[in-house]
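Worksheet: one structure, shown below.
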Amino acid sequence: MKMLLVEDSRTIAMVMRARLESFGHEVRHAANGQIAVELFQDEPVDLILMDIEMPGMNGFETTARIRALEGQEPWAWTPIIFVTATDTDSNLVMAIEAGGDDFISKTAPANVLQAKMKAMSRIAALRMRLSLANRQLQDQANRDGLTGLLNRRAMDMQVDTLWEHAVRSAAPFGLLMLDVDNFKNYNDHYGHLAGDECLRAVATCIGEHIQQTSDGQTAPCAFAARYGGEEFAVIIHGPSCRLYADLAASLVDAVSALRIPHEKNGEHGVVTLSVGAACASPATGNVGLLFHQADELLYKAKAAGRNRAAIA
């Protein structure tokens, strides 16, 4: 296990650390509560061994700070064992109320300490599996079941956060609205199963394309989502907003290059995209206006013959 030992006595810390490392555990040491909080924020651990009496912030206050940090992820709970020379009833009650999980004396024999660590190792393994399962569930809840892109709800949440950040920092914010041309005709002609396969192929193309293009660092500053039906959105925030026009045009070419047959798509003969591209530089006001502008440009691209991007 990875452990954080919070102990102000250097001598006691050296003895406990040597014992724990002899059991095969990895131990980091914090000499006071403030350092413990900083180390916990820097790197997660499987277990915290917490002294009570320390100068400045005592063990109860330190535990409360750590529990507050964990509050953002309810499943990210880290076991905390209080280690003290004064295991009184009042200390035990205060330890539990502060968010502690167990209590052990500093004078506990090595075999007792080792037994406690074995029990905590089992809890750490269960906690890791629970954390992984919750993250997988959260990711599934944010993904569109058909295409694997972000769904509309997850997109809206990310857009709200990123837009607020862009407004505060006077950064640019780009938006592409993409629509598969004559998709109803595709469904009517080829069937809904083929329509689903078509949407999956287009979504994969969009996702991979924005990953590979822009300025070589698309992943942190652009993402794609299924907006609804056969419509998709690409959000571009930060310095890569300058690339929104090039990205819009290249996405049109990339989907056309898939050469998915579409006999009911006029002169094109293959599946194509129409794109409306808008950018606020810097971001100001309401993001809804940017969506409205991109949507109007999308219809402009449709009216101009499809298989193209209309760019603000």
Would a scan of segment 161-175 turn up a residue that is surrounded by 12 or more Cβ atoms within 10 Å (Cβ to Cβ), more than 30 Å from ALA278 (Cβ to Cβ) and β-branched (Val, Ile, Thr)? no
Scanning segment 176-193 residue by residue, those part of a helix (DSSP H, G or I) and either loosely packed, with under 14 Cβ neighbours inside 10 Å or within 21 Å of the chain's Cα centre (by Cα) (or both) turn out to be LYS184, ASP188, HIS192, LEU193
For segment 239-268, the count of residues that are surrounded by 14 or more Cβ atoms within 10 Å (Cβ to Cβ) and in a loop (DSSP other than H, G, I, E, B) equals 7
Apart from one, (1) surrounded by fewer than 18 Cβ atoms within 10 Å (Cβ to Cβ); (2) of a type outside the set (A, V, I, L, M); (3) on the phi > 0 side of the Ramachandran plot all hold for ASP156; the odd one out is (3)
Here the qualifying pairs (Cβ atoms under 8 Å; residues six or more apart or on different chains; first in segment 293-312 and closer than 21 Å to HIS268 by Cα; second assigned to a helix (DSSP H, G or I) and charged (D, E, K, R)) come out as ALA310/LYS300
Among MET177, MET157, the single one that is free of Cβ contacts under 8 Å to residues at least 24 places away in the same chain and assigned by TED's automatic domain parsing to the domain that holds ALA283 is MET157
Checked against (1) within 30 Å of PRO79 (Cβ to Cβ); (2) in contact with a Lys or Arg (Cβ under 7 Å, 6 or more places away or on another chain), ALA141 satisfies every condition except (2)
Scanning segment 98-113 residue by residue, those over 22 Å from ALA30 (Cβ atoms) and either touching a Ser or Thr at 6+ places or on another chain (Cβ under 8 Å) or assigned to a helix (DSSP H, G or I) (or both) turn out to be ALA110, ASN111, VAL112
Scan segment 70-80 and give yes if some residue there is assigned to a loop (DSSP other than H, G, I, E, B) and buried (at least 17 other Cβ atoms within 10 Å of the Cβ), otherwise no.
yes
In the set GLY148, GLY207, the lone residue that is over 20 Å from SER256 (Cα atoms) and either modelled with pLDDT under 95 or in the same structural domain as GLY238 (by TED's automatic domain parsing) (or both) is GLY148
Of the listed residues (ARG19, ARG67), the one being under 26 Å from ASN134 (Cα atoms) and among the basic types (Lys, Arg) is ARG67
In segment 138-153, residues that are touching a residue at least 24 places away in the same chain (Cβ under 8 Å) and crowded, with 16+ Cβ neighbours inside 10 Å total 5
Over segment 225-234, the set of residues part of a strand (DSSP E or B), at pLDDT 95 or above and not hydroxyl-bearing (Ser, Thr, Tyr) is ALA225, ARG226, GLU231, PHE232, ALA233, VAL234
Checked segment 269-293 for anything in a loop (DSSP other than H, G, I, E, B), out of contact with any Cys (no Cβ under 8 Å at 6 or more places or on another chain) and under 18 Å from ASN182 (Cβ atoms); matches are GLY269, THR272
Any chance MET57 is out of contact with any Cys (no Cβ under 6 Å at 6 or more places or on another chain), at pLDDT 90 or above and either in a loop (DSSP other than H, G, I, E, B) or not assigned by TED's automatic domain parsing to the domain that holds LYS116 (or both) = yes
So, first residue farther than 11 Å from VAL6 by Cβ in segment 53-66, second residue hydroxyl-bearing (Ser, Thr, Tyr) and in a loop (DSSP other than H, G, I, E, B), Cβ within less than 9 Å, six or more apart or across chains; the pairs are GLU53/THR86
Of (1) out of contact with any Gly (no Cβ under 8 Å at 6 or more places or on another chain); (2) modelled with pLDDT of 90 or more; (3) among the acidic types (Asp, Glu), GLU70 satisfies every one except (2)
Restricted to segment 27-60 and to residues being under 34 Å from the mean Cα position of the chain (by Cα), among the acidic types (Asp, Glu) and surrounded by 12 or more Cβ atoms within 10 Å (Cβ to Cβ), the residue farthest from ALA85 (Cα to Cα) is ASP46
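The values are calculated or read from the model by the stated rules, or taken from the named source; none is laboratory data. Fair warning: this is a prediction, and the values are worked out from it, not measured in the lab. Glycine gets a Cβ as well: all are built from the backbone with ideal geometry, and neighbour counts include every protein chain shown.
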